[in-house]
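Data block below; observations after.
Where a number appears in this text, it was derived from the coordinates with a stated rule and is not lab data. Just so you know, these numbers come straight off a predicted model, no measurement behind them.
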Amino acid sequence: MLPLILAALLYLSFLCACGYYTADYAGQRGRSKLAWFIWGALFYPLPYIALALMPRLREETRV
């Protein structure tokens, strides 16, 4: 039972890490972080690639 619990915890931490990095990248591109966190956690490589191909929503201000 303990190996299953450890495997589940490792898998969930992996899902959270994938979701976090996708959400962080989505925030840089001007997209919703929460929505992209969920998409990134469920289907990791595909949402990250989709974000890279999408245009930015807002322009960054230059100082």
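Contour minus end-to-end for L53 and M1, with contour as 0.36 nm per residue of separation and end-to-end as the Cα-Cα distance?
14.4 nm
Quick one: in the chain, what % of C-alpha pairs are over 13 Å apart?
Counting pairs separated by more than 13 Å, the tail of P(r) holds 62 percent.
Within the chain, which DSSP H helices have Cα atoms that stretch 27 Å or more along the helix axis and a mean Kyte-Doolittle hydropathy of at least 1.0?
2-28
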